[in-house]
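K.L.:
Have a look at this one before I ask anything.
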């Protein structure tokens, strides 16, 4: 297997499980230079491969077991990022330790897609002068941006509707 070696710093029965239940997977379409994944074929939770660790007496994610076995220490506030976007992959050179923000922005979710936008839905550019930043709601929220031109236009339209309603009621 290409770079699917089993870490040597883990105990033998866990190493045997990693070797037995890993297969060479597909090459990521968005990053072919990474080469094929080492995909865990057994139990998965949320797409992540999981294995029973008898010594720890708990289920552990396979990529974290592989990282620990390779001597990689994940600092506080850092996360492993699957560069291949395959959560079941345990290949060490497909995993990079990054901040949570970097991990989210590299992804393909709503937050990442919105962060890549350069214009609002009405075609106004997101410039420093034309962007209003809204504080996150809750402890895990992200800052969001709003186009000042659209905000101004919607406020003017709302005021115009209210004015017409007052005139209609007076008549």
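K.L.:
Give segment 61-79 a look and list any residue that's assigned to a strand (DSSP E or B) and surrounded by fewer than 18 Cβ atoms within 10 Å (Cβ to Cβ), or say none.
P.N.:
Listed by number, the residues that qualify are 78, 79.
K.L.:
Going through segment 88-114 one residue at a time, which ones are farther than 15 Å from residue 28 by Cα and in a strand (DSSP E or B)?
P.N.:
Hits for segment 88-114 are 96, 97, 98, 99.
K.L.:
Right, next: Which residues, taken from segment 24-43, are exposed (fewer than 10 other Cβ atoms within 10 Å of the Cβ) and over 20 Å from the mean Cα position of the chain (by Cα)?
P.N.:
Within segment 24-43, just 33 meets the criteria.
K.L.:
Could you list, in sequence order, all residues of segment 141-151 that are surrounded by fewer than 12 Cβ atoms within 10 Å (Cβ to Cβ) and closer than 23 Å to residue 125 by Cα?
P.N.:
143
K.L.:
Something else about it: Please specify each residue of segment 115-171 satisfying the condition of being touching a helix residue (DSSP H, G or I) at 6+ places or on another chain (Cβ under 7 Å) and either within 29 Å of residue 100 (Cα to Cα) or assigned to a helix (DSSP H, G or I) (or both).
P.N.:
Listed by number, the residues that qualify are 115, 120, 130, 131, 132, 142.
K.L.:
Can we say residue 85 is under 17 Å from the mean Cα position of the chain (by Cα) and assigned to a helix (DSSP H, G or I)?
P.N.:
no
K.L.:
Could I ask something else about it? Taking into account only those residues within segment 44-60 that are touching a strand residue (DSSP E or B) at 6+ places or on another chain (Cβ under 8 Å) and either farther than 20 Å from residue 11 by Cα or outside the structural domain of residue 10 (by TED's automatic domain parsing) (or both), which is surrounded by the most Cβ atoms within 10 Å (Cβ to Cβ)?
P.N.:
48
K.L.:
Looking only at residues in segment 115-140 that are at pLDDT 85 or above, surrounded by 10 or more Cβ atoms within 10 Å (Cβ to Cβ) and out of contact with any strand residue (DSSP E or B) (no Cβ under 7 Å at 6 or more places or on another chain), which one is nearest to residue 105 (Cα to Cα)?
P.N.:
Looking at residues that are at pLDDT 85 or above, surrounded by 10 or more Cβ atoms within 10 Å (Cβ to Cβ) and out of contact with any strand residue (DSSP E or B) (no Cβ under 7 Å at 6 or more places or on another chain), I get 115.
K.L.:
Which residue, of 100, 82, 63, 94, is in contact with a strand residue (DSSP E or B) (Cβ under 7 Å, 6 or more places away or on another chain), touching a residue at least 60 places away in the same chain (Cβ under 8 Å) and not assigned by TED's automatic domain parsing to the domain that holds residue 146?
P.N.:
94
The values are calculated or read from the model by the stated rules, or taken from the named source; none is laboratory data. Note that the structure is predicted; figures quoted are calculated from it, not measured. For neighbour counting, all protein chains shown are included, and Cβ atoms are generated from backbone atoms with ideal geometry for every residue, glycine included.
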